[in-house]
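The values are calculated or read from the model by the stated rules, or taken from the named source; none is laboratory data. Keep in mind the model is a prediction, meaning the values are calculated, not measured. Virtual Cβ from ideal backbone geometry, glycine too; neighbours counted across all protein chains shown.
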Amino acid sequence: MALQSRRDVFQAIADPTRREIINLIAFNPLNLNAIAENFDVSRPAISQHIKILTECGLIVIKKQGRERYCEASLQQLGEVSNWIEQYRKLWQKQFNALDDLLEEYKTKNKKS
């Protein structure tokens, strides 16, 4: 399991194909063939993306008979959300300061 410790959710969502796979199965589990049909890349390439998403904990593969279904497990995205939130707060402060400055500027120009 050495590979699993080297992968994280940020690596998983860095690739647009993996993000699209997550979008495909977010609300409806699909089997591997159904996922692969949505892409113009080889089935082994899609399997590799699925493997990475599984290692990062964003997909759980469940067997139903002979089929393997990929189901989204999006709790790990909370880590991304938390990381982004700190920057959203920073930018919100900057925009609020800019709003205050613009309001001050408009007030001064009305007096002139």
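Is there any pair linking a residue in the stretch 76-97 that is touching a residue at least 40 places away in the same chain (Cβ under 8 Å) to one that is not in a helix (DSSP H, G or I), with Cβ under 7 Å and at least six apart or on different chains, and which? Cβ pairs passing all conditions: Gln76/Cys56; Gln76/Gly57; Gln76/Leu58. The residues on offer are Thr54, Thr107, and the sole one that is β-branched (Val, Ile, Thr) and under 22 Å from the mean Cα position of the chain (by Cα) is Thr54. For the stretch 7-26, taking the residues that are more than 14 Å from Leu77 (Cβ to Cβ) and modelled with pLDDT of 95 or more, the one that is surrounded by the fewest Cβ atoms within 10 Å (Cβ to Cβ) is identified as Pro16. Scanning the stretch 62-112 for residues that are assigned to a helix (DSSP H, G or I), among the hydrophobic types (A, V, I, L, M, F, W, C) and within 22 Å of Arg18 (Cβ to Cβ) yields a count of 5. Given the condition exposed (fewer than 15 other Cβ atoms within 10 Å of the Cβ), at pLDDT below 95 and in contact with a strand residue (DSSP E or B) (Cβ under 6 Å, 6 or more places away or on another chain), answer yes or no: does some residue in the stretch 38-52 qualify? No, because not a single residue in the stretch 38-52 is exposed (fewer than 15 other Cβ atoms within 10 Å of the Cβ), at pLDDT below 95 and in contact with a strand residue (DSSP E or B) (Cβ under 6 Å, 6 or more places away or on another chain).
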